[in-house]
Every structure is written in C-alpha cells, then in structure tokens.
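One structure is given below, encoded as structure tokens.
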Amino acid sequence: MPAQRKLMYVAQVKERLKPGKAFYFTDFTGLSVKHLEGLRRELKKNNATYVVLKNTLGFLAMKELGFDETSIRSLFVGPTGVAIAFDDPIILAKILNNTDKLRVKGGFVEGEFYDTTRIIEFSKIPPKDVLYTYLVGSVNMIGNLVGILESIVRELMYTLEAIKEKDKEAK
C-alpha cells in the first residue's frame, strides 16, 4: 500500500472515530462473518458501529485523536475491531459482553482508558430508564419524608398551642 493510501486510510479512520463517545477494542477471532454482521446490525440499532482496523494505521489514527499512546499500543495487538458508541456506552458494553467469541481488550469512555474488567463492570450497570426510575422513586421517598416531618411539626405545634391554652385557663 503506497504511503498516500495509508495517509488517506488514517484520515478516514479518524473521521469515523471522531464523533464517538466510547471506544471498545475487541478481538474477534472465532467470530463468523454471519455473527459479525448480526453484531453490526444490533449496534446500529443502538447508535453504535463496529469497524475492523489495521493495527498500525488504527494506532496512528487514535494517537492523532489525542489518546494515550501507551494505552492504545496495548490494544492494537492481534485482530482488532473497535466498537464505537455515539450515544450510550453502557448499552454497547452490554452488547459486546453478551456476544459469544468476542473478547473485549479494553477501551476508552469519554477519553478515559478502562481495562477489560472495568468494561465488564459497565455491562452490569442497569439501563438509563431503570436508573431514572430509581431516581424518581428516591425523589418520591424524599417527598414522603418531607410530608411526614411536616405532619410531626404540625402536631407538635397543635400540642404546644393546647398546652399554652391550658396554662392560660389554669391561671
């Protein structure tokens, strides 16, 4: 491949990677073309994509995008595919973790490097809508607590008023 073609390849890869919020590097050894296409369809439904990169040129593209050279060097070993999340990195981690014969090597989420273990932990986080439900439930519980405290204070005020009236009557 002439040098000009390599430069064009790096520029194309950079443009494809630039809008990503998260990048998960995978080893797709043993994954059939049929399964890889199924994975790509699933990722597309979730605002993500999957690209297979040439190691040296992919490394150069990531380096030019400003990622840590030491971290990306360790990810571009053996067959390398990159799953790119344009929206929710947690959904992408779940999909990759549930894909047979696909091994996650590590990745970057919003510029920060994470190893395989951390990415597997990401896949165990509940989806956004479940987290929103938890948040709304917590807010409702706080509202209920405020209501209970308000009624306690109100009852205390009534009791103090009654004691005050009783003292006046006794005098």
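General remarks:
- If you check 105, 94, 101, 124 for being surrounded by 10 or more Cβ atoms within 10 Å (Cβ to Cβ), within 18 Å of the chain's Cα centre (by Cα), among the basic types (Lys, Arg) and part of a loop (DSSP other than H, G, I, E, B), only one passes: 124.
- Unmet requirement for residue 13, which otherwise passes all of (1) part of a helix (DSSP H, G or I); (2) on the phi > 0 side of the Ramachandran plot: (2)
- Residue match in the range 77-85 (condition: in contact (Cβ under 8 Å) with a residue 24 or more places away in the chain, in a helix (DSSP H, G or I) and in contact with a Phe, Trp or Tyr (Cβ under 8 Å, 6 or more places away or on another chain)): no
- Test: residue in the range 66-75 that is exposed (fewer than 15 other Cβ atoms within 10 Å of the Cβ), touching a helix residue (DSSP H, G or I) at 6+ places or on another chain (Cβ under 8 Å) and over 17 Å from residue 110 (Cβ atoms): yes
- Candidates in the range 30-65 are the residues that are part of a loop (DSSP other than H, G, I, E, B) and touching a residue at least 40 places away in the same chain (Cβ under 8 Å); of these, the one that is surrounded by the fewest Cβ atoms within 10 Å (Cβ to Cβ) is 30.
- Take the conditions (1) modelled with pLDDT of 90 or more; (2) in contact with a Pro (Cβ under 9 Å, 6 or more places away or on another chain); residue 91 misses just one of them, which is (1).
- Output for the range 76-91, where each listed residue is within 19 Å of residue 122 (Cβ to Cβ) and either crowded, with 19+ Cβ neighbours inside 10 Å or among the aliphatic types (A, V, I, L, M) (or both): 81, 82, 83, 84, 85, 89, 90, 91
- Set side by side, the residues 7, 17 differ, and just one is surrounded by 11 or more Cβ atoms within 10 Å (Cβ to Cβ) and under 26 Å from the mean Cα position of the chain (by Cα), which is 17.
The values are calculated or read from the model by the stated rules, or taken from the named source; none is laboratory data. Treat the numbers as computed from the prediction; the structure is a model and nothing was measured. Backbone-built Cβ (ideal geometry, glycine too); neighbour counts: all protein chains shown.
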